[in-house]
Amino acid sequence: MIPKIKQLIHFISSLFGLDKTIIITLLILCIGNLFIQYSATDKDISKLINDGAYLVLSFVVLFIVANLNITHLKAIATPLYIFSILLLLGVIFLV
Amino acid sequence: MNKSRITATNIFVIGAFILLVCRYGYLQLANYSQFLQQSINNYSSTVSTLPTRGTFIDRNGLSLTNNIISYAIGILPKDYKNSEDIFSTLEKYVTLSALDKKKFNNLLHNSKNYDLVIIKDDLSDKEVATLTAHNYEFPEVSIFARTKRYYPFDELYSHSIGYVSRISNSDLGKIGKNGNNLNYLRNDYVGKNGLEEYYESTLRGTIGKKIIQTDATGNEIGLISNTHAIDGATISLTLDNGLQKLANQLLGTNQGAIVAIDPHNGGILAFVSKPGYNPNWFIDGINTDDWSDLRDDPRKPLLNRASQSSFPPGSTFKPFMGLTALYLGYIKPYTEIYDPGYFSIPGSTHRFRDLLKLSGFGNINMARAIAVSSDTYFFRLAYELGIDNIDKGISLFGLGKKTGIDIPNENSGLLPSKEWKERRFAKDKYQKNWLPADSVTVGIGQGFNHYTPLQMAYATSIIANDGIAIKPHFLNKILNKDGSIKANYTIESHTLPIPKSDFEFMKKAMQMVITQGTGKGIGYGLKYTLAGKSGTAQVVSSVKGGRQQKFAGKRYKDHAWFIAFAPVDKPKIVIAVFVENGGFGSAASAPIVRKMMDYYILGANVTESASFKKNITTPDASETSNDADNSSIEEPSDDTEN
């Protein structure tokens, strides 16, 4: 059983190209928080699905960014930085 | 229940965050330097500047290797877009072979952004002019000059200095084990052979590194640091170019080797192995045709006969046998033995004969036995000593062991022993036991034993030095760029436990070789004292009535040896000459020794010193010369040569 878990951890960390301790802890936290939220919202399944979808989306974005070639990322570093600032501002003013 | 679930959830969340903080802390604090470097790499690029490779000079300061300017075209990987576009543009002005394109693509694949990748090297002046005029059509391609190794003496030093060539993955792997692989680029040169390989770290120098700051698109925007390249040191060798050229010339078209040593310090004065090859062919990769020619040449030009190949020493082995017998107290210098022209092992009717002196020399002592090269005397001596004692004495002269010379892949030769034979013929119950006849044949330098010309020269230098063994070497000193001395070679020596009087006796005996023995042909008109010993090593066994017809070709002719030193009282030079399938040692090798001695001691011109040539004759049964002294051997000996 333990070797299979180890294989799964290795597969997930290699999939994201990130530090395996961090990625696994993040995954556990996120999934745990989904359940906490599900419990806190009186077992609202639509909320669970909605947040679950956002979570999956965020991990897909994480996967893409982590696997982008650093030289390509460097080439769009400035516009990406401005975009991320705008997103932060959006969180403050729009949400 | 609810409360306990909340507590468990809190513990889980806090625990997960503590784990995250610890991990971040570990990565950012413990692995600080690694990630800092990665971060620097993200906004910087390294431009490497190559050091100029150190050169070799001979003992008189003459350059034996040069660094010449070579023009090339290359491109930085960061500027590279499409190879076909670049090739098609360049091919309007310069010919690019399929090999050039393949090499370029290989190098490009393994190079960093700012490592200039060469597209074509060794451009002619016309090509440089044309490419420069049209450079606007391919601005990403650089036309530049760089230094490149050149061997001005072609094959003369091919087996001593060796050559450099483009670095391979296996070279990088080997260098990486010493932690020096960062000192090389993918399109770099590295010593592949000979002294170029042995002194690689000294000659190489240190690569320069300019770290530049780049923007997000890779353009240079500033300089972070600049470490200049440190050029390699110049290596002064003990070789004497004049003597080397003469030795090479005297060997002519023969296959063979010559090693000359300065007995005072062990410095190699000449080191020739023929045939050789042109090391310039290897620098940028030898073409297939030339490689096939070298590889398939039956004369084996790639084989270093001086230190990497060993041969039966023939009668040049006798002085060492004599000293062994004197040292172990088996015989006195002037004890006489009756030589009837043959020797029989007690209880056996088989006769080991001196075929060229069938009547024998009568009563004979060791000095005369050396001078006339009596086989019978040494057959008997070897039989009485036995192989264990022979090993004990002969090994003192370094025979059968590597001399430790500063050149790679030295052959240790073979000093046979009972243990060796048992291992060698482990599967053959008849062959594996050491027989008295084996000792008898070893005693005259035949049978199983074989040594390199370098080992024979080294062993002779021990006699010349009255028992002081000085390790042979090529290195004289290491010089800085300004010519000042960086390091001197430290002589390594030890003294043999054999009494000096025994060496003095053997030197006199070897002098008699020149004055009245097998080497008297080269003693004519000598203006200095010379001591030596000839040797004729049989390649195939003989049968009664002469050689078998199938061994009639030159390939089966005897090997000719001559070892010598001069002047006898205060030797300045020791020479070992080996002519493969050359015939008689006193006829094929001795004249070479005399000319080299004249050149080195008298400074005489080769042609002027040729006056003794008329006295050189091939020994035959009618002469006292008994140099073809191994013709009684019945053991096939061609397997001892490698």
Exactly one of B:Lys401, B:Lys332 is open to solvent by 40 Å² or more (accessible area, probe 1.4 Å) and under 21 Å from B:Gln455 (Cα atoms), and that residue is B:Lys401
Of all residues being out of contact with any Gly (no Cβ under 9 Å at 6 or more places or on another chain) and within 11 Å of chain A (Cβ to nearest Cβ) in the stretch B:1-13, which is surrounded by the fewest Cβ atoms within 10 Å (Cβ to Cβ)? Just the residue, please.
B:Asn2
Yes/no for B:Gly413 being open to solvent by less than 30 Å² (accessible area, probe 1.4 Å), modelled with pLDDT under 90 and on the phi > 0 side of the Ramachandran plot:
no
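Residues are listed down the side, and each one gets a yes or a no for (1) farther than 21 Å from B:Leu251 by Cβ; (2) open to solvent by less than 30 Å² (accessible area, probe 1.4 Å); (3) modelled with pLDDT under 50:
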residue	(1), (2), (3)
B:Pro571	yes, yes, no
B:Thr607	no, no, yes
B:Asn630	yes, yes, yes
B:Glu634	yes, no, yes
B:Ser637	yes, yes, yes
Can you give me the number of residues within the stretch B:85-123 that are free of Cβ contacts under 8 Å to residues at least 24 places away in the same chain and not in a helix (DSSP H, G or I)?
3
Answer yes if at least one residue in the stretch B:135-144 is under 30 Å from B:Gly256 (Cβ atoms) and assigned to a helix (DSSP H, G or I), and no otherwise.
no
Could you tell me which residue of the stretch B:39-55 is modelled with the highest pLDDT, considering only residues that are part of a strand (DSSP E or B) and out of contact with any Phe, Trp or Tyr (no Cβ under 8 Å at 6 or more places or on another chain)?
B:Thr49
Please determine, by comparing only the residues of the stretch A:28-51 that are assigned to a helix (DSSP H, G or I) and over 17 Å from B:Thr9 (Cβ atoms), which one is most open to solvent (accessible area, probe 1.4 Å).
A:Ile49
Matching residues, the stretch B:485-510, being among the hydrophobic types (A, V, I, L, M, F, W, C) and surrounded by 12 or more Cβ atoms within 10 Å (Cβ to Cβ):
B:Ala487, B:Ile491, B:Leu496, B:Ile498, B:Phe503, B:Phe505, B:Met506, B:Ala509, B:Met510
Could you pull out the residue among B:Asn169, B:Asn226 that is modelled with pLDDT under 90, closer than 30 Å to B:Ser307 by Cα, surrounded by fewer than 18 Cβ atoms within 10 Å (Cβ to Cβ) and not acidic (Asp, Glu)?
B:Asn169
Return the only residue of B:Tyr71, B:Tyr26, B:Tyr32 being modelled with pLDDT of 85 or more, more than 21 Å from B:Ile118 (Cβ to Cβ) and more than 11 Å from chain A (Cβ to nearest Cβ).
B:Tyr32
Every pair of residues 6+ apart whose Cβ atoms lie under 7 Å, when the first sits in the stretch B:454-483 and is closer than 18 Å to B:Lys318 by Cα and open to solvent by 10 Å² or more (accessible area, probe 1.4 Å) while the second is basic (Lys, Arg) and outside any strand (DSSP E or B):
B:Asp466/B:Lys500
Note: among B:Thr65, B:Thr52, B:Thr46, just one is open to solvent by less than 60 Å² (accessible area, probe 1.4 Å), more than 11 Å from chain A (Cβ to nearest Cβ) and in contact with an Asp or Glu (Cβ under 6 Å, 6 or more places away or on another chain), namely B:Thr52
Scanning the stretch B:130-145 residue by residue, those surrounded by fewer than 16 Cβ atoms within 10 Å (Cβ to Cβ) and not β-branched (Val, Ile, Thr) turn out to be B:Ala133, B:His134, B:Asn135, B:Tyr136, B:Glu137, B:Pro139, B:Glu140, B:Phe144, B:Ala145
Would you point out the residue of the stretch A:65-80, among those that are over 19 Å from B:Ser44 (Cβ atoms) and surrounded by 10 or more Cβ atoms within 10 Å (Cβ to Cβ), that is nearest to the other protein chains (Cβ to nearest Cβ)?
A:Ile76
Looking only at residues that are open to solvent by 50 Å² or more (accessible area, probe 1.4 Å) and charged (D, E, K, R) in the stretch B:190-214, which one is farthest from B:Gly266 (Cα to Cα)?
B:Lys210
Of the conditions (1) within 25 Å of B:Asn280 (Cα to Cα); (2) open to solvent by 60 Å² or more (accessible area, probe 1.4 Å); (3) touching a strand residue (DSSP E or B) at 6+ places or on another chain (Cβ under 6 Å), the single one that B:Asn105 does not satisfy is (3)
Taking helices (runs of 4 or more DSSP H) that fall entirely within the stretch B:177-296, which contain at least 1 residues that are over 24 Å from B:Leu602 (Cβ atoms)?
B:194-198, B:200-204, B:288-296
Residue hits (the stretch B:229-245; open to solvent by less than 70 Å² (accessible area, probe 1.4 Å) and either within 14 Å of chain A (Cβ to nearest Cβ) or closer than 17 Å to B:Val190 by Cα (or both)) are B:Ala229, B:Asp231, B:Gly232, B:Ala233, B:Thr234, B:Ile235
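The values are calculated or read from the model by the stated rules, or taken from the named source; none is laboratory data. All figures in this text were calculated on a predicted structure; none of them were measured in a lab. FYI the Cβ positions are ideal-geometry reconstructions off the backbone, even for glycines, and counts take in every protein chain you see. Side chains included, ligands, DNA and RNA excluded: accessible areas come from the protein's heavy atoms. Shrake-Rupley method; radii C 1.70, N 1.55, O 1.52, S 1.80 Å.
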